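Report on one structure; see the data block that follows.
The values are calculated or read from the model by the stated rules, or taken from the named source; none is laboratory data. Since the model is a prediction, treat every value here as computed from it, not as a measurement. Neighbour counts are summed over all protein chains in view; Cβ atoms, including those assigned to glycine, are modelled from backbone coordinates with ideal geometry. The area values use the complete protein model at the heavy-atom level, side chains included, leaving out ligands, DNA and RNA. Shrake-Rupley method; radii C 1.70, N 1.55, O 1.52, S 1.80 Å.
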Amino acid sequence: MAERILSGSEVVLQALADQGVEVVFGYPGGAVLPLYDEIFKQNRIRHVLVRHEQAAVHAAEGYARSTGKVGVVLVTSGPGATNAVTGLTDALMDSIPVVCLTGQVPTHLIGNDAFQEADTTGITRPCTKHNYLVKNPDKLARTMHEAFHVASSGRPGPVVIDLPKDILVGKAPYLEPAQVQHRTYNPVVKGDRAQIEEAMEMLASAKKPILYCGGGVINSGTQACKLLTEFTRMTGAPITLTLMGLGAYPASDNQYLGMVGMHGTYESNMSMHDCDVMVAIGARFDDRVTGNLDFFAPNSQKIQIDIDQSSINKNVPVDIGIVGDVGHVLEDMIKIWKAKQYKIEASALDGWWKEIEGWRSKRCLSYKQPKDVIKPQHVIRSIHAATRDRKTYITTDVGQHQMWAAQHFGFEHPYEWMTSGGLGTMGYGMPAALGVQVAHPDATVVCFTGDASIMMNIQECATMTQYRLPIKTVILNNRYMGMVRQWQQLLHGSRYSESYSETLPDFVKLSEAFGFTGLTCNNPADLDDAIKQMLEIDGPVILDVAVDDKENCYPMIPSGKPHNEMLLGQETKGDEAIDSDEGMVLV
Amino acid sequence: MKETEISKHTISVLVDNESGVLARVIGLFSGRGYNIESLTVAEVDARAHQSRITVVTSGTPMVIEQIKAQLSRLVPIHKVSDLTLAGPSVERELALVKVIAAGEKRVESLRIADIFKARAVDATNDSFVYEIIGSPEKIDAFIKLMEPLGLSEISRTGVAAISRGTLTM
Ligand SMILES: Cc1ncc(C[n+]2csc(CCOP(=O)(O)OP(=O)(O)O)c2C)c(N)n1
Ligand SMILES: [Mg+2]
């Protein structure tokens, strides 16, 4: 095929178009002006101008997580690239496919401390799945296509392409995606058949099985989630999801035990602790899930399915580790389960479910909504109720509000829940919502945030206004860095060092200053009306809800404790000091 | 082997010889807190632009498995092989050892060098530079013996390793 010679910038835009990219989240600067010029001249690819490069990456994450596609970012050299680092790290931790194009000074200036030069590939090496510095125009097109392949295949993640300005301005040959074959990076998707057979035999012999599933199921796709549901129903086993896995299995289903982990449900964590066979699917035994490893599921045999070999046997040794794409492996699991006519012994399973119902009957998430002050959980539940018949996407920031959202908003489908799990990045919520709303213009997008988190990317209000993105931002305003305050209360003798939100802006005036509506609510009786009003407004809204500032997030497994030593707020009347120096050391 | 027992492993890694690949490998080890006892790297296939990295590391069986899995998922890495597990292998290292001494000590150093089949590659009236090739243990032993004899400087290459017999990476 004859080579087409274009400018470097044209190659980049052509490659984006050929990769099916519809939108780029970015922010211009000197080093990327040739690319912005090219963007100006075409109309296939839409550019969304954020107000900070960190937000560009979070927006791309929101876009990616809510569509299953790759999110694309474009930032300038130096400060543009360094500002993107938090977002890239976030995407790496949560396995979100992102391609981030960074400008770079011209190749002959690299290493000279030129204006706005940063060692971008050096800085981003540990926070990307892979990165490239393109020094040779002949490699530009190949690198672009390869980056999409790497970002989206295997365990997804962020990929940076550093583009020196002379490469963008100079000539470069264009190659179609089909002309590029990757030499080394071709992850295994099919699981080992014999291992899967062995695993099914193990599960079939279980008396107290549990399926523990994470974000990997969602990364594997909607089909994988369907297969998971099918498999779960076939086996009759209880299922729990991680924070990143919410939506992979319908929350309303009776086999679903709720979220697992530090703020998971009592029934989930007790079942994890007491199970005899655990099947981990696309979940990585994060410390927020396992609690104290020495006491983690002590009497269980474990099966783990993950596309990333390095996730297997990392924190928790497993009996059978299957490397493969969750969707593919589930397909085989279902086939084998059917072919062998496996069935978990009914009397054992009944007994197990009886035990689980006992834990369930604690109703560990229950709360009382008094007349005088709004409980944060109640806000989440009320919005869930009010949006039930709409296509709704939820993003969150980080803190108590995030955990309450995870606990109380029932997710029925994948792709509808966007949160910063692995990194726990305050400031994720609003920009992620931008990306989601751009991808789903007609859907309802709600960002649950806190009074502290919202301030971390508040500048994105301008982006919402500019693109008329009708995002509903709900502040669970407890005037505290609530999660910090909770830990200080429980672990540091209630010394609330620097965790009070001393000066908060007037969020109504702030919204108006940015050109949209701000609402407040502080009376439980007015909450439903406020929500209704928020949802009816055709445009962005910030709803500032004054919630109980003393409310703590329960249940909770304190750091360093095993699953069966959860604190149940109601039972302990909450708020007991945790007597443990160990807990103080852990995060 | 016991789960908590720490053992030494020699791992060979075949990589694309592109800029940054060594930084990726080293960054992986430092970022995740793994040990590097020795590390060597050089291009082994100029046409395919491939280099071979040999890392000597230590850890529990679970950590060693992690190291290999983490290395394998780096994009420019073609192959990871644990020579310690793969079967018998040959390990060689080269060292240059400078000894500054006079009189009987000088003569004694020559005698020991002879026993170790080390060659003097540089000599002055007051000094020798010995070149010694062998297993790391042999080089350690040589250095230890040179210590009282005026040992003044050492340069070691780190380990190059390859499996014995017909087995290849
Ligand atoms: C960028 C960043 N800095 C600091 C933290 C530590 N941190 C975790 S939760 C939290 C408080 C969040 O407060 P707020 O947004 O008001 O949420 P709340 O817990 O009150 O619901 C802080 C400071 C973090 N997660 N991210
Ligand atoms: Mg708060």
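Quick check on segment B:99-112. Is at least one of its residues of a type outside the set (G, A, S), more than 16 Å from B:L149 (Cα to Cα) and either within 14 Å of chain A (Cβ to nearest Cβ) or in a strand (DSSP E or B) (or both)?
no
Filtering segment A:461-478 down to residues that are more than 14 Å from ligand 2 (Cβ to nearest atom) and either within 14 Å of chain B (Cβ to nearest Cβ) or part of a loop (DSSP other than H, G, I, E, B) (or both), which residue is nearest to A:I380 (Cα to Cα)?
The qualifying residue nearest to A:I380 (Cα to Cα) is A:I471.
Any chance you could count how many residues in segment A:417-456 are assigned to a loop (DSSP other than H, G, I, E, B), more than 10 Å from ligand 1 (Cβ to nearest atom) and in contact (Cβ under 8 Å) with a residue 60 or more places away in the chain?
Count: 4.
Considering A:E536, A:E551, which residue is out of contact with any helix residue (DSSP H, G or I) (no Cβ under 9 Å at 6 or more places or on another chain), at pLDDT 90 or above and open to solvent by 20 Å² or more (accessible area, probe 1.4 Å)?
Result of the check over A:E536, A:E551: A:E536.
Kindly indicate which of A:D372, A:D389, A:D397 is open to solvent by less than 60 Å² (accessible area, probe 1.4 Å), more than 14 Å from chain B (Cβ to nearest Cβ) and either within 21 Å of A:R485 (Cα to Cα) or away from ligand 1 (no atom under 16 Å from the Cβ) (or both).
Going through A:D372, A:D389, A:D397 in turn, just one is open to solvent by less than 60 Å² (accessible area, probe 1.4 Å), more than 14 Å from chain B (Cβ to nearest Cβ) and either within 21 Å of A:R485 (Cα to Cα) or away from ligand 1 (no atom under 16 Å from the Cβ) (or both): A:D397.
Out of the residues in segment A:400-416 meeting the condition of being in a loop (DSSP other than H, G, I, E, B) and closer than 14 Å to A:I380 by Cα, tell me which one is nearest to ligand 2 (Cβ to nearest atom).
Within segment A:400-416, the match that is nearest to ligand 2 (Cβ to nearest atom) is A:F409.
Of the conditions (1) open to solvent by 50 Å² or more (accessible area, probe 1.4 Å); (2) within 14 Å of chain A (Cβ to nearest Cβ), B:V15 satisfies every one except a single condition; which number is it?
Every condition holds for B:V15 apart from (1).
Pick from A:I542, A:I531, A:I557: which is over 22 Å from A:I454 (Cα atoms) and among the β-branched types (V, I, T)?
The conditions single out A:I557.
Can you tell me how many residues within segment B:31-42 are within 11 Å of chain A (Cβ to nearest Cβ) and either assigned to a helix (DSSP H, G or I) or under 17 Å from the mean Cα position of the chain (by Cα) (or both)?
Matching residues across segment B:31-42 total 1.
Is it true that some residue in segment B:19-30 is within 23 Å of A:G122 (Cβ to Cβ), in a strand (DSSP E or B), within 11 Å of chain A (Cβ to nearest Cβ) and hydrophobic (A, V, I, L, M, F, W, C)?
Taking every residue of segment B:19-30 in turn, none turns out to be within 23 Å of A:G122 (Cβ to Cβ), in a strand (DSSP E or B), within 11 Å of chain A (Cβ to nearest Cβ) and hydrophobic (A, V, I, L, M, F, W, C).
For segment B:79-95, enumerate the residues that are open to solvent by 70 Å² or more (accessible area, probe 1.4 Å) and part of a strand (DSSP E or B).
Once the filter is applied, which keeps residues that are open to solvent by 70 Å² or more (accessible area, probe 1.4 Å) and part of a strand (DSSP E or B), segment B:79-95 yields B:K79, B:R92.
For (1) within 14 Å of another protein chain (Cβ to nearest Cβ); (2) closer than 25 Å to A:S420 by Cβ, each residue gets a yes or a no:
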| position | (1), (2) |
| --- | --- |
| A:M93 | yes, yes |
| A:I96 | no, yes |
| A:G103 | no, no |
| A:L109 | no, no |
| A:F115 | no, no |
| A:G122 | yes, yes |
| A:R125 | yes, yes |
| A:L140 | no, no |
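Among the residues of segment A:86-96, count how many are within 12 Å of ligand 1 (Cβ to nearest atom) and open to solvent by less than 40 Å² (accessible area, probe 1.4 Å).
Residues that pass the stated criteria total 3.
Within segment A:368-399, how many residues are assigned to a loop (DSSP other than H, G, I, E, B) and without any contact (Cβ under 8 Å) to a residue 12 or more places away in the chain?
3
Inside segment B:62-78, can you point out the residues that are open to solvent by 10 Å² or more (accessible area, probe 1.4 Å) and more than 9 Å from every other protein chain (Cβ to nearest Cβ)?
The one that is open to solvent by 10 Å² or more (accessible area, probe 1.4 Å) and more than 9 Å from every other protein chain (Cβ to nearest Cβ): B:V63.
Checking the condition within 23 Å of the chain's Cα centre (by Cα) and not aromatic (F, W, Y), which residue from A:V57, A:V32 passes?
Answer to the check: A:V57.
How many of the residues making up segment A:467-481 are open to solvent by 10 Å² or more (accessible area, probe 1.4 Å) and near ligand 1 (Cβ under 9 Å from one of its atoms)?
Selection size over segment A:467-481: 5.
Conditions first: (1) touching a helix residue (DSSP H, G or I) at 6+ places or on another chain (Cβ under 9 Å); (2) open to solvent by 20 Å² or more (accessible area, probe 1.4 Å); (3) free of Cβ contacts under 8 Å to residues at least 40 places away in the same chain; (4) not β-branched (V, I, T). A:F409 passes all but one, so which condition is the exception?
(2)
So A:Q195 passes all but one of these: (1) in the same structural domain as A:D306 (by the TED database); (2) in contact with a helix residue (DSSP H, G or I) (Cβ under 8 Å, 6 or more places away or on another chain); (3) not acidic (D, E). Which condition number does it fail?
Here A:Q195 clears every test but (2).
Kindly check whether there is at least one residue in segment A:121-134 that is on the phi > 0 side of the Ramachandran plot and part of a loop (DSSP other than H, G, I, E, B).
no
List, please: which pairs have Cβ atoms under 9 Å, are six or more places apart or on different chains, and start with a residue in segment A:314-343 that is on the phi > 0 side of the Ramachandran plot and in the same structural domain as A:R233 (by the TED database) and end with one that is polar (S, T, N, Q) and open to solvent by less than 50 Å² (accessible area, probe 1.4 Å)?
none
Which residue is most open to solvent (accessible area, probe 1.4 Å), if the candidates are limited to segment B:43-56 and must be outside any strand (DSSP E or B) and of a type in the set (A, V, I, L, M)?
If we take residues in segment B:43-56 being outside any strand (DSSP E or B) and of a type in the set (A, V, I, L, M), then B:A46 is most open to solvent (accessible area, probe 1.4 Å).
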